[in-house]
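What follows is a short report on a single structure.
Only the coordinates and a few stated rules stand behind these numbers; no lab work does. Bear in mind that the values here come from a model prediction, so they are computed numbers and not experimental data. Glycine gets a Cβ as well: all are built from the backbone with ideal geometry, and neighbour counts include every protein chain shown.
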Amino acid sequence: MKSLAKSDKRTLLFVIFIAIAAPFLLNPFPEGSAMAQFNAGYPDLMQRFAYFGVLAIGFNILFGLTGYLSFGHAAFLGVGSYSAVWMFKLLGMNIIPGLILSVIVAGIFSLLIGYISLRRSGIYFSILTLAFAQMSFAMAYSVLTPLTNGETGLQVYADDPQVFMNENSIAVPHLFGLKMQDTFTLDIGPWAFQFNIGYYICALFLIAAFYMSLRIFRSPFGLMLRAIKTNQTRLNYTGINTRPYTLAAFVISGMYAGLAGGLMASMDPLAGAERMQWTASGEIVLMTILGGAGTLIGPVLGAGFIKYFENIFSKINETVLHGWFAFLPDGLENAIVWVLHFFVGKGWHLTLGLLFMAIVIFLPGGLMEGAQRIGNWWKNRRAKGKTSSAKTTPAE
Amino acid sequence: MSNFTRRGLLKTTAIAGAGLAMPTLITSPVAAYTNAPTGGSVTLGFNVPQTGPYADEGADELRAYQLAVEHLNGGGDGGMMNTFSSKELKGNGILGKKVEYVTGDTQTKSDAARASAKSMIEKDGAVMITGGSSSGVAIAVQGLCQEAGVIFMAGLTHSNDTTGKDKKANGFRHFFNGYMSGAALAPVLEARYGKDRNAYHLTADYTWGWTQQESIAAATEAKGWNTVNNVLTPLATTDFSSYVAPVLNSGADVLVLNHYGGNMINSLTSAVQFGLRDKVVNNKNFEIVVPLYSRLMARGAGENVKGIFGSTNWHWSLTDEGTKAFVKSFGEKYGFPPSQAAHTTYVQTLLYADACERAGTFNPCGVAEALEGFKFDGLGNGPTEYRAEDHQCFKDVLVVKGKENPTSEFDVLEVVEITPRAQVEYAPDHPMFAGGNLGACNSGA
């Protein structure tokens, strides 16, 4: 940590703080109030923020640094989940073997796909990865049913071998006895803050993943990856073989995705084929672009943003809307609810799409550019204030 | 941040450590079971597909849930609460607590359904989850409810596995299943189409399709039919022409469509457009069978369903008191008759509420005990029993046919035969249902 630059240390500490304080930060509204609908501080969603954060960080190492746009990262996520669930079925419910295997299998899988796909660049590379991912999805969905349990999804059954387990063993995913699903609730006045073990384990991995990506960004290897993004042809002309570098980046980001998949299965021991579908891959690309591709923290923000919409906005139904606008006269209430119901509930995709358009048009650098602009504006204002107070009078 | 020193780091670590340790120091009082309702209300979670191939069924399920909540809270005309053989429900909520509900979208995907159910349990404090318009989703959510310690009242799920190899102590199903469809349909098909038939199956590629195909094939083969081929089609398929074309040259004279919802509408339309129904194969008229029928599908497929046989859990044209009361109050509220999806979810909600009343608690283990072996009547299906061994309801099954001369857009099916319960019943360890284990009920404590 010593060798990190000052600003990087600050970013890392910021991430650690956010990760630890998430149960407080995400539950700003008191229980039972009308705004409680917007609270996101419950275990399942916090876990999602964390492992999709890991996924987006990994994707950013490939896309943000080398500029190679992979449209098949969901395949690695799925492979990771399946590996983890198989470990639960064969060995036992401790999450460690599952996480290790998910990273290894995703690594091997991404080596294979990367070796072939990276023979091309640009749009051809994207199409190749997309093809591989769709192939994996189709296979998991039907051909490989004995291995993946098809559409129903791979689950742990009571009659699975689970060689490391006896009758007294814990039957839910755990880390040496710490159950992922255990949650402690802290009641302060009308607020209820939930601290979930599974979330903190995910958060630990998120921090570790972030630190690793920070080191990669600042390393000579990271510099080489950026050089590839800037001008690969020139690198080739100077006699540098770029393929090993891109392949390494691809495998690293694949392993990140595998880890995310393993964590996903550890929090909820079921692996479904649809998490490998191309829409899931597209979502990862959206997360990264929305947050800010090539920035350190952006992808994590993007992942949180999308998951928040998916889980919070999709649950606002017409009854909830009527509850909010009940104070208005009937006709007006119905009119407002009629307009708004296109944007919430099953219409959450529409809201997300509009926001995505707005961000891409007005803030091409994603949420991070927005944060930067606000920061700059603040700095300028302060600077202006200073200059005005110390205004020099023109010389006579 | 220029003073980033070892001391500073130690301080930060100590504070972070204290923060992490805090939750272990202040554990909240342990409730007797997951989401025990504390205030004057109780929350139920309605998890239905609002998007995807089963969105129509999901929308109708949601209407039925809202109606059931209204009736439980004493609103409306009380619907089937008046005809229900158990008289515990008084229209004052459940156990005196007002019924509230939250909704979610399963997207007909296991992952999304589980996420939505989890948020209902963890965020909204739902004490019971119900819904699902696909067996894959129902099984996934049933597993989740078992782990979390809440009751799962399955909605529209017709796979044998839901109460077979994937059955769970916290899960209950009122709807019938693939085996029952086969047992009810086979004799009718034999009587109409004869013993010597060659069947070609198109099957939705997931747990429901597989088990229904297996059930229909077994039941018809027992009557002397021959299964020529079984082709699996992905759930997301919308154009079935490439699957229908090979049927013509296969030598088959019956096409069995193991499809539901939007899938069935598309595959049937495609089969009719290819002129299959006008063909004569092996000197017999070519026939199409849709083992699991619903009014919503029949309406979607329009003219094409005329004369096509299938089975259904319930139909609004039945004339018993329960059906009449339900159709009346549903019709008055929404302006059209309910589908079988709406019926089963409405009944499941009442059964859950009634079980809570009889158990005197919301504790899942108490509720499960009250439901096991429960015999009731007056809910539209005649005398019904919740079998204790596998949490499956046993009741009569309807064999229906697409009506030749529909009088309205809702009057598209006619009931051909009511197959008695004894004919569709099977042993809990029947090979098609074996391999599962209910396990112990989980209250989450």
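Rounded to whole Hz and in sequence order, give me ³J(HN,Hα) for segment A:159-166 from the Karplus expression 6.51 cos²θ - 1.76 cosθ + 1.60, θ = phi - 60°, writing x for Gly and Pro.
Running phi through 6.51 cos²θ - 1.76 cosθ + 1.60 with θ = phi - 60° gives 9, 6, x, 6, 4, 8, 10, 10 Hz.
Roughly what would the spin-label model give for A:GLU167 and A:SER3, points 7 Å off Cα along C-beta, in nm?
For the pair A:GLU167/A:SER3, the computed spacing is 5.5 nm.
Computed FRET efficiency, Cβ-Cβ of B:SER250 and A:TYR124, R0 56 Å: what is it to the nearest 0.05?
The pair B:SER250/A:TYR124 has a calculated efficiency of 0.90.
Leaving out same-chain residues fewer than 8 places away, which lysines sit with a Cα under 20 Å from that of B:LYS395?
B:LYS167, B:LYS324, B:LYS375
Give the Kirkwood hydrodynamic radius (Å, one decimal) of segment A:72-226, defined as one over the mean of 1/r across all pairs of different Cα atoms.
About 18.4 Å, per the Kirkwood formula over Cα pairs.
On the Cα set of segment B:299-445, report Rg and Dmax in Å, please.
17.8, 57
D for segment A:140-191, whole µm²/s, Stokes-Einstein with Kirkwood Rh over alpha-carbon pairs at 20 °C and 1.002 mPa s: what number?
Rounded to a whole number, D works out at 148 µm²/s.
Using the Karplus equation 6.51 cos²θ - 1.76 cosθ + 1.60 (θ = phi - 60°), what ³J(HN,Hα) coupling, rounded to whole Hz, does each residue of segment A:277-286 give in order, writing x for Gly and Pro?
Rounded to whole hertz, the list is 5, 5, 5, 5, 5, x, 4, 5, 4, 4.
Hey, if you drop one equal point scatterer on each alpha-carbon of segment B:376-445 and run the Debye formula without solvent, what base-10 log of I(q)/I(0) do you get at q = 0.19, 0.21, 0.27, 0.28 Å⁻¹?
So the normalised log intensities work out to -0.91, -0.99, -1.18, -1.21.
Please arrange B:CYS356, B:CYS441, A:CYS202 by counting, for each residue, the other beta carbons lying within 10 Å of its beta carbon, fewest first.
Going from least to most buried by this count: B:CYS441, B:CYS356, A:CYS202.
Cα convex hull of segment A:59-147: how many Å³ per residue?
87
Please report, in debye to the nearest 20, how large the charge dipole of chain B is about its Cα centre when each Lys and Arg carries +1 at its beta carbon and each Asp and Glu carries -1 there.
Numbers: 36 positive and 44 negative charges, 208 e Å.
Here chain B has a charge dipole of around 1000 debye.
Once Rh for chain A is found with the Kirkwood sum over Cα pairs, what is the Stokes-Einstein diffusion coefficient at 25 °C and 0.890 mPa s, in µm²/s?
Translational D for this selection: 107 µm²/s.
Counting pairwise Cα distances across segment B:120-245, what percent come out greater than 21 angstrom?
49
Ratio to report: Rg/Rh of segment B:280-368, with Cα atoms as the point set and Rh obtained by the Kirkwood method; give two decimals. Could the numbers behind the result be given before it?
On the way: Rg = 18.6 Å, Rh = 15.9 Å.
A ratio of 1.16.
Let me check the size of segment B:223-294 from its C-alpha atoms; what are the radius of gyration and Dmax in Å?
In order Rg, Dmax, the Cα atoms of segment B:223-294 give 11.9, 35 Å.
Counting DSSP beta bridges with both partners in segment B:179-312, what percentage is antiparallel, nearest 5?
10
How do B:VAL397, A:VAL156, B:VAL305 rank when sorted from fewest to most other Cβ atoms within 10 Å of their own Cβ?
Details: B:VAL397 24, A:VAL156 20, B:VAL305 27.
Listing B:VAL397, A:VAL156, B:VAL305 from fewest to most nearby Cβ atoms yields A:VAL156, B:VAL397, B:VAL305.
If amide H atoms are built 1.01 Å from N in the plane of the peptide, which residues on other chains or at least 5 residues away come under 5 Å of the amide H of B:ILE151?
Long-range HN contacts for B:ILE151: B:ILE129.
Give the shape of chain B as rounded, prolate or oblate, defined through the alpha-carbon gyration tensor: a ≥ b ≥ c are the square roots of its eigenvalues, a/c under 1.5 means rounded, and otherwise the shape is prolate if a/b is larger than b/c and oblate if not.
Taking the square roots of the gyration eigenvalues as a ≥ b ≥ c, chain B is prolate.
Please compute the average number of Cβ atoms from other chains found within 10 Å of each residue's Cβ in peptide A:307-318.
4
Whole-Hz ³J(HN,Hα) for each residue in segment A:344-358, computed from phi via Karplus 6.51 cos²θ - 1.76 cosθ + 1.60 with θ = phi - 60°, x for glycine and proline: what do you get?
10, x, 6, x, 4, 4, 5, 4, 4, x, 5, 5, 4, 4, 4
Once you wrap a convex hull around the alpha carbon atoms of the protein assembly as shown, what is its projected area averaged over all directions, in nm²? Numbers along the way, then the final one.
Numbers: hull surface 173.5 nm².
Averaged projected hull area, Cα only: 43.4 nm².
Cα convex hull of segment B:179-312: how many Å³ per residue?
Values: hull volume 12.1 nm³, N = 134.
Cα-based convex hull of segment B:179-312, divided per residue, equals 90 Å³.
Shape verdict for segment A:1-86, please, from the Cα gyration tensor: rounded (a/c under 1.5), prolate (a/b greater than b/c) or oblate.
oblate
Determine the calculated [θ] at 222 nm for chain A from helices alone, applying -39500 (n - 2.57) to every DSSP H run no shorter than 4 residues and normalising by the residue count; nearest 500 deg cm²/dmol.
-21500 deg cm²/dmol
Would you compute, for the Cα atoms of segment A:272-356, the largest minus smallest coordinate along each principal axis and list the three values in descending order, in whole Å?
49, 30, 16
If you average 1/r over every pair of different alpha-carbon atoms in segment B:266-323 and take one over that average, what Kirkwood value in Å do you get?
13.0
Quick check on the exposure proxy: order B:TRP314, A:TRP324, B:TRP210 from fewest to most C-beta atoms within 10 angstrom. Don't skip to the end; give the middle numbers.
Details: B:TRP314 28, A:TRP324 16, B:TRP210 24.
In increasing order of surrounding Cβ atoms, one gets A:TRP324, B:TRP210, B:TRP314.
Taking just the C-alpha trace of segment B:31-76, give me its Rg and Dmax in Å.
Reported Rg and Dmax, both Å: 14.0, 40.
Output the lone cysteines of chain B: those with no second cysteine's C-beta under 4.7 Å from their C-beta.
B:CYS145, B:CYS356, B:CYS393 - these cysteines have no disulfide-compatible partner (Cβ-Cβ under 4.7 Å) in chain B.
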